[in-house]
Amino acid sequence: MRGTAGMCLAQIHRTVIGSPTTCRLLQICCKRNQRWSLFDHPKRKYVAQHGVLCHRAKPKTDLADSAAQEENGMREVKAISSVLHVPDKDPSKGTAAPEERAAPEERAAPEERAAGDKLCDQFPSSEDSRGWKEIKVDLSTLPGIFARLSKIRLSALVVITASAGYAMAPVPFDLSCFLLASVGTGLASCAANTINQFFEVPFDSNMNRTKSRPLVRGQISPLLAVSFAAACAIPGISILTLAVNPLTGALGAFNIFLYTCCYTPMKRLSIANTWVGSVVGAIPPIMGWTAATGSLDAGALLLGAILYSWQFPHFNALSWNLREDYSRGGYRMMSVTHPDMCRRVALRHCLALIGLSTLAPAIDVTTWNFPIISLPINLYISYLGYRFYRDADRNSSRKLFFCSLWHLPTLLLLMLTCKKSVVGKKEKVRDPR
């Protein structure tokens, strides 16, 4: 280094102090310094860290180590197969137990075998999932399941309207006939509601309002549900036909057919299903009238018309807040496809209730007091129908729906209090003049 420094000073001052060999060596270093490894910064850093100027390749995995890993993997696979062992289906190999056919080192402990059986239960095979599944039903839960299948509150409303029709008939009250007509009508309504749920299981599962029904949740088998419907329909129609009169039995059978075979499939085809469903709701009071008189009179048709008009504000207000649910279920309701028509029809039939109440004394069903005392509640439901038509929001539809729940029983009760006297009619019939 001392000779190199001297040569540098000699070149600066144009003075040569060292030997020619040293000068020649210095010139070579200055011209080709890029080939000298120590002048490259990354290489100098590597040398400073590791003390060597060569890179070492990573040694390859020994073949013996890889063979040992493969052997461990095979042992793990064998252990799993022994836990989830499938019996041999070949009859020539005998029916020995899986523990006897497996090798001693492949036999699993009882705890491992139990864990494997539990895993198989959680993930059944495709054949099991496609086959019939056994549904265990507790006998103590059957009454509640049958009540939900028959829509017990809706069936109770049907029985009330049928009882009102019987009570409004211009004949003496017969308790035994009244009870038989009420029981037969209730059984027919339970059968129709059950068959309706049987047909709509795939669609009810998409709706929040109906996804907890027994058939959707698998609480009862479809066969048992159909058997329950038959057990209600056959005695119900038989009671109405044999114990009451054939006309009432025919109306009951027709109503079951209309509800299950016409209204139910039409809910996914056309908005006309609402009008068909209103006819279904109008038939029970007519059945009550025919059960008492044995004939179709103007009073029976008037009661049916009142029930027919009442159902439009009731159902249209209900379906307005369930539009998303009906859309997911694939139902073509007025509130989904024709929202303006839904509100117009509801208001129109609210006003129709005022006219039908005025028509009752004109056909000699009630006194003239009935249109007067029923006017306040008819005006109130018409006002709520107008609010629903104007605002078209959830609040107005909810008010109209809850008003319809108490409006119908109140209207029928007022009609019953204003009923024409049966004694006076008998005297008119006896008087030849």
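The values are calculated or read from the model by the stated rules, or taken from the named source; none is laboratory data. Quick caveat: nothing in here was measured; it's all calculated off a predicted structure. Cβ coordinates were reconstructed from backbone atoms using ideal geometry, including for glycine residues, and neighbour counts include every protein chain displayed. For the accessible areas, the whole protein counts, side chains as well, though only heavy atoms, and no ligand, DNA or RNA atoms are used. Shrake-Rupley method; radii C 1.70, N 1.55, O 1.52, S 1.80 Å.
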Per residue accessible area of region 133-228, 1.4 Å probe, in Å²: 51
From phi via Karplus (6.51, -1.76, 1.60), per-residue ³J(HN,Hα) for region 313-329 in Hz, x at Gly/Pro: x, 5, 7, 5, 5, 5, 6, 5, 7, 10, 4, 5, 5, 5, 5, 5, x
Heavy atoms of Trp320: accessible area, 1.4 Å probe, square angstrom to 10: 10
Heavy atoms of Asp393: accessible area, 1.4 Å probe, square angstrom to 10: 60
Value of relative contact order over region 230-291, rounded to a whole percent, pairs C-alpha under 8 Å and six or more apart: 33
Whole-Hz ³J(HN,Hα) from phi, Karplus 6.51 cos²θ - 1.76 cosθ + 1.60, for region 290-304, glycine and proline x: 5, 5, 7, 9, x, 8, 8, 10, 5, x, 5, 5, 5, 4, x
Amide N proximity, region 157-191 versus Phe257 label position 7 Å along Cα-to-Cβ, cut-off under 13 Å: none
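Compare Leu301, Leu142, Leu224 by solvent-accessible area with a 1.4 Å probe and give them largest first, with all protein chains kept in place. Present the calculation step by step, with values, prior to reporting the outcome.
Working: Leu301 105, Leu142 30, Leu224 65 Å².
Sorted by accessible area, descending: Leu301, Leu224, Leu142.
Keeping the other protein chains in place, figure out the carbon and sulfur percent of the accessible area of region 198-355, with a 1.4 Å probe. Each step should come with its number before you reach the end.
Values: 4090 of 6200 Å².
The computed percentage sits at 66.
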